[in-house]
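Report on the following structure.
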Amino acid sequence: MLRRFEVYALRPDAPAEVVRALEAACRECGRFIPEVLDSAVGTNLSDAPVQLVWEHAYASPGAYRRYMVHPYHAAVIDRYLLPDAPERIVIDGPLGAGLYGYGCDGPSYRMRAGVRRLVLLRLDAGASETDVARLAETLEQAATEVPDMMVSIMAANSMGSAWFDGVTPVMGPPRWTHVWEQGFANLDALDSYRHGDSIVAEVERGGWDRWMGGVVKRSAELFYEVSRRPDPTLGHG
Amino acid sequence: MRLVDTVEVETERVEDYLQVIRTLGMAVMGDAGASFVSCATTSSAIGEHVYIEVTWSFDDHVQWDEIRKNLVLDPRYHEYGATVASLRLGGTRRFFTPTTFSPAR
């Protein structure tokens, strides 16, 4: 599977109704392009100067390619995004290209509701595979140690440079080499994690540079309450 | 198929906008693989802002995706986008597929 995040910094003067239209276009994408899975949006609550996050996934690179060439992508989603599009409401973001994601064996990121936290990591270019694997193992173990942390996945940000077909890099290495995706039951659970005594919470509070030989050079975080289209099979009430 | 941008521009900025299309726009879009079809304006003598309609063509959405990739990877495209954004008041972009009875394909 391919897990993917698009992160948008909005023009300060973007009309509210157009922002809502972009949110809806992202949230509803799977209705028009069935290959788009687990589509949800959220408003970033961190200090990072980006506002809107669209999280979604694809079963395969082939499914991703069908999204890329679908009219809904070109005509509706891109209407608000491309630099020369007259209805553009985004600006070039300070976090670098606002596209992050990774390959995974299955939808281990999946949660019906809650708070998503995305930690963007820049690892030392000279880090060995062993160091990176050890880091991933430690971060992913957090889901078993931290109450109400439902998801913890750390992976290389392959989508940052392979955004055309999901596999082949079309540009240089991304600014954020890895992503650490987390899921919490709610904002209180995230807050409890931050102030808790787990190893990774202590690392985050103390600074990444003092941990594991400084393999993590920089980090930035986004977090948001997940807003997705209601599941029509669940009915009401 | 056609990509049609219709933008609203203040009368005194029409020539600047057209100049950007004529130079940077045609170079960037052409190099990316799009074909220039037409550029037309409404009258500047009717007391309204001017609308400029610029039309590009390509085979289908598969080719557009390739053009889009080329555009995003071209630094001139980002300069082009910022420049036209600074000159227009608003507008729309729509994709059109010619009907079977259309003489222009």
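Ligands, DNA and RNA are left out, and with a 1.4 angstrom probe the accessible area of chain B is 52 Å² per residue. Comparing A:ASP92, A:ASP13, A:ASP38 in a Gaussian network model of chain A, where Cα atoms under 10 Å apart are tied by springs, the biggest mean-square fluctuation is seen for A:ASP13.
Close amide-amide hydrogen proximity is noted between A:ASP148 and no other residue 5 or more places distant or on a separate chain, at a cut-off under 5 Å (H modeled in the peptide plane; Pro and chain starts excluded). In order along the stretch A:52-69, the phi-based Karplus estimate (6.51 cos²θ - 1.76 cosθ + 1.60, θ = phi - 60°) of 3J(HN,Hα) comes to 10, 10, 10, 9, 6, 7, 9, 5, 6, x, x, 5, 5, 4, 5, 4, 4, 9 Hz; Gly and Pro are listed as x. Excluding ligands, DNA and RNA and using a 1.4 Å probe, chains A and B jointly bury around 2000 Å² of accessible surface, summed across both partners.
All C-alpha to C-alpha distances of chain B, sorted into 10 Å bins beginning at zero, yield P(r) values of 14, 46, 30, 9, 0 percent in whole numbers.
Relative to the Cα centre, the charge distribution of chain A, modelled as +1 at Lys and Arg Cβ and -1 at Asp and Glu Cβ, gives a dipole magnitude of about 460 debye.
The GluC sites (Glu not before Pro) found in the stretch B:1-88 that occupy coil by DSSP, while having at most 14 further C-beta atoms within 10 Å, are B:GLU10, B:GLU48. Phi-derived couplings, Karplus 6.51 cos²θ - 1.76 cosθ + 1.60 at θ = phi - 60°, listed residue by residue for the stretch A:83-92: x, 9, 6, x, 9, 4, 10, 9, 10, 5 Hz, with x used for Gly and Pro.
List residues of the stretch B:29-50, by number, whose backbone nitrogen lies under 20 Å from a label position 7 Å along Cα→C-beta of B:GLU12. Within reach of a label on B:GLU12: B:42-50.
In a DSSP loop and with at most 13 other Cβ atoms within 10 Å, the trypsin sites (Lys or Arg not before Pro) in the stretch A:84-166 are A:ARG110, A:ARG112.
Ordering A:SER227, A:MET154, A:HIS178 by Cα displacement along the dipole of the stretch A:151-237 toward the positive end leaves A:HIS178 in first place; charges were set at the Cβ atoms of Lys, Arg (+1) and Asp, Glu (-1). The charge dipole of chain B, taken about the Cα centre with unit charges on the Cβ atoms of Lys, Arg (+1) and Asp, Glu (-1), comes to about 220 debye, rounded to the nearest 20. Among A:VAL50, A:ALA113, B:THR92, whose Cα projects farthest towards the positive end of the dipole of the protein assembly as shown, with charges put on the beta-carbon of Lys, Arg (+1) and Asp, Glu (-1)? Among A:VAL50, A:ALA113, B:THR92, the one farthest towards the positive end of the dipole of the protein assembly as shown is B:THR92. Here chain B has 53 percent of its accessible surface on carbon and sulfur atoms, given a 1.4 Å probe and all protein chains in place. Measuring heavy-atom accessible area with a 1.4 angstrom probe and counting protein chains only, the residues of the stretch A:78-94 that give up at least 50 Å² relative to the chain alone are A:LEU82, A:PRO83, A:ASP84, A:PRO86, A:GLU87. In the stretch A:2-228, the portion of solvent-accessible area held by carbon and sulfur atoms comes to 52 percent [1.4 Å probe, whole percent, DNA, RNA and ligands not counted]. Only helical runs count toward this figure. For chain B, summing -39,500 (n - 2.57) over DSSP H runs of n ≥ 4 and dividing by all residues gives -11000 deg cm²/dmol at 222 nm.
Can you classify the protein assembly as shown as rounded, prolate or oblate using the Cα gyration tensor, where a ≥ b ≥ c are the square roots of its eigenvalues, rounded means a/c under 1.5, and otherwise it's prolate if a/b beats b/c and oblate if not? Judged from the Cα gyration tensor, the protein assembly as shown comes out prolate (a/c at least 1.5, a/b above b/c). Take each residue of peptide A:161-169, count the partner chain Cβ atoms within 10 Å of its Cβ, and average: the result is 1. For the Cα trace of the stretch A:136-237, dividing Rg by the Kirkwood Rh returns an Rg/Rh value of 1.05. Put simply, the amide H of B:VAL37, placed in the peptide plane, has neighbours under 5 Å in B:THR55, B:TRP56, B:SER57, leaving out anything fewer than 5 places away on its chain.
In chain A, a dipole from Cβ-located charges (positive for Lys and Arg, negative for Asp and Glu) runs towards its positive end, and of A:ILE33, A:GLY126, A:VAL200 it is A:ILE33 whose Cα lies farthest in that direction. Computed from backbone phi, the HN-Hα couplings of the stretch B:36-43 come to 6, 9, 6, 9, 9, 10, 7, 5 Hz, rounded to whole numbers (Karplus: 6.51 cos²θ - 1.76 cosθ + 1.60, θ = phi - 60°; Gly and Pro given as x). Dividing the mean sequence gap of close Cα pairs (under 8 Å, 6+ apart) by how many residues chain B holds gives a relative contact order of 46 percent.
The values are calculated or read from the model by the stated rules, or taken from the named source; none is laboratory data. The model shown is predicted, which means the values in this text are computed figures rather than measured ones. Quick reminder, even Gly has a Cβ in these numbers, built from the backbone with ideal geometry, and neighbours come from all protein chains shown. Heavy atoms of the whole protein, side chains included, go into the accessibility calculation; ligands, DNA and RNA do not. Shrake-Rupley method; radii C 1.70, N 1.55, O 1.52, S 1.80 Å.
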